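Take a look at the structure below.
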Amino acid sequence: MRKKIVAGNWKMNLDYETGLGVFSEIVNMLRDEKQGGQQVVICAPFIHLHSLAKLSAEVLAVGAQNCHAADSGAFTGEISAGMLKSIACEYVILGHSERRQYFQESDSLIFEKTKAALKHNLKPIFCIGETLEERNSGNFFQLLEKQLKDGLFGLDVNEFKQVVIAYEPVWAIGTGLTASPQQAQEVHAFIRQTIATQYGTEVAENSTILYGGSCNAQNAPELFAQSDIDGGLIGGASLKSRDFVNIVKALNH
Ligand code: PGA
């Protein structure tokens with residue numbers, strides 16, 4: 001059976017003290033209320049991660065939002081996958097549309113980062129998605145396929161099995177617009193089929209594919225009820241402990 005995951009993406013929000021407070025609330029609520037075996041992850045700004053990993057008490061995992069492709073060296077301002085692993089970070093978001101858009105990250109760079117993460121036993125949460133223009137152009141399935149091929153399919157099968165995929169339509173991120181459950185399911189089924197063609201049906205069936213883009217406690221139950229949606233990558237709604245925990249609980253239904 002494939003793993004179900006709800007991951008929060010705090011982006012560049014919450015100062016250190018506030019972040020620790022929200023995280024502690026999430027830990028306490030999950031301890032009291034969580035049912036089921038779903039994995040919960042909070043992907044926080046770098047400066048929070050060490051403290052959060054210590055507070056996580058095996059109730060949830062901690063992830064970063066980016067890493068560099070190199071192990072070490074003269075890359076002022078950057079953080080390596082090995083450094084993240086050394087503070088008990090378990091996941092790293094790679095290829096988020098904001099990184100692709102604002103930091104010009106290409107599929108090939110994202111592939112190098114994914115390799116680096118896997119080398120240090122970090123699990124990549126690998127994001128793909130189309131803009132509204134691309135969706136309206138009609139051939140966005142080809143674009144999604146290209147993102148998968150160029151960013152991921154260079155991995156061997158054992159590497160690929162460690163990767164979590166997140167489908168995040170760019171037009172739905174932070175906009176309040178959500179893909180309908182049918183639209184999301186259609187793309188998730190396409191992603192799973194594309195994985196099957198590359199790595200075989202069994203690998204595809206066991207791959208975790210998350211939906212992201214204005215997912216909240218209200219729309220999560222219907223999205224998570226779709227057969228190819230295995231959880232969510234949650235931005236805005238992960239900044240409030242109660243909202244986030246309600247989304248986690250929606251995955252158990
Ligand atoms: P959102 O962000 O939930 O605020 O739309 C999702 C994401 O970018 O991961």
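What relative contact order, as a whole-number percentage, does the range 41-140 give when Cα pairs under 8 Å and 6 or more residues apart are counted? Kindly include the intermediate steps, with their values, before the conclusion.
On the way: 147 pairs, mean separation 26.4, N = 100.
Rounded, it is 26 percent for the range 41-140.
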Check your understanding: Which chymotrypsin sites (Phe, Trp or Tyr not before Pro) from the range 94-173 combine a DSSP loop assignment with at most 13 other Cβ atoms within 10 Å?
Key -> 103
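Counting alpha carbon pairs within less than 8 Å and at least 6 residues apart, what relative contact order, in whole percent, applies to the chain? Each step should come with its number before you reach the end.
On the way: 482 pairs, mean separation 56.6, N = 253.
Once divided by the residue count of the chain, the mean separation gives 22 percent.
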Check your understanding: Out of 165, 229, 47, any idea which swings most in a Gaussian network model of the chain, alpha carbons joined below 10 Å?
Key -> 47
Check your understanding: What ranking of 34, 146 emerges when the number of other C-beta atoms within 10 Å of each C-beta is taken as an exposure proxy, fewest first?
Key -> 146, 34
Point to revise | Of 20, 223, 84, the one that fluctuates the most in a GNM where the chain has Cα springs shorter than 10 Å | key: 20
Check your understanding: For the chain, what's the radius of gyration and Dmax over Cα atoms, in angstrom?
Key -> 16.9, 48
Review point. What percent of all Cα-Cα pairs in the range 119-253 falls in each 10 Å bin, counting up from 0?
Key: 12, 43, 34, 11
Exercise for review: Treating the Cα atoms of the range 122-191 as identical point scatterers in vacuum, please give the log10 of the normalised Debye intensity I(q)/I(0) at q = 0.14, 0.21, 0.22 Å⁻¹, two decimals.
Suggested key: -0.45, -0.94, -1.01
Revision key, fill the gap. Relative contact order in percent for the range 103-245 (Cα pairs under 8 Å, 6+ apart) equals 22 percent
Study note, to complete from the structure: residue 201 and residue 146 label points (each 7 Å along its Cα→Cβ direction) are spaced in nm at 3.1 nm
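How large is Rg over Rh for the range 1-110, taking Rg from the Cα atoms and Rh as the Kirkwood inverse mean of 1/r across Cα pairs? List each step's numbers first, then the result.
Values: Rg = 14.8 Å, Rh = 15.0 Å.
Rounded to two decimals, Rg/Rh equals 0.99.
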Practice item. Take the Cβ-Cβ distance between residue 74 and residue 115 as r, set R0 to 30 Å, and report the resulting FRET efficiency rounded to the nearest 0.05. Key: 0.90
Review point. Kirkwood Rh over Cα pairs of the range 182-252 into Stokes-Einstein at 20 °C, 1.002 mPa s: D in µm²/s?
Key: 170 µm²/s
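Computed from the mean reciprocal separation of all distinct C-alpha pairs, what Kirkwood hydrodynamic radius does the range 65-152 have, in Å? Intermediate values should be presented prior to the final figure.
Values: mean 1/r = 0.0735 Å⁻¹.
After inverting the pairwise mean of 1/r, the radius is 13.6 Å.
Give me 120, 50 sorted ascending by neighbouring Cβ count inside 10 Å, so fewest comes first. Show your work: numbers first, answer last.
Numbers: 120 17, 50 14.
The most exposed by this proxy come first: 50, 120.
Bear in mind that the values in this text are calculations on the coordinates, not laboratory data. Bear in mind that the values here come from a model prediction, so they are computed numbers and not experimental data. Neighbour counts are summed over all protein chains in view; Cβ atoms, including those assigned to glycine, are modelled from backbone coordinates with ideal geometry.
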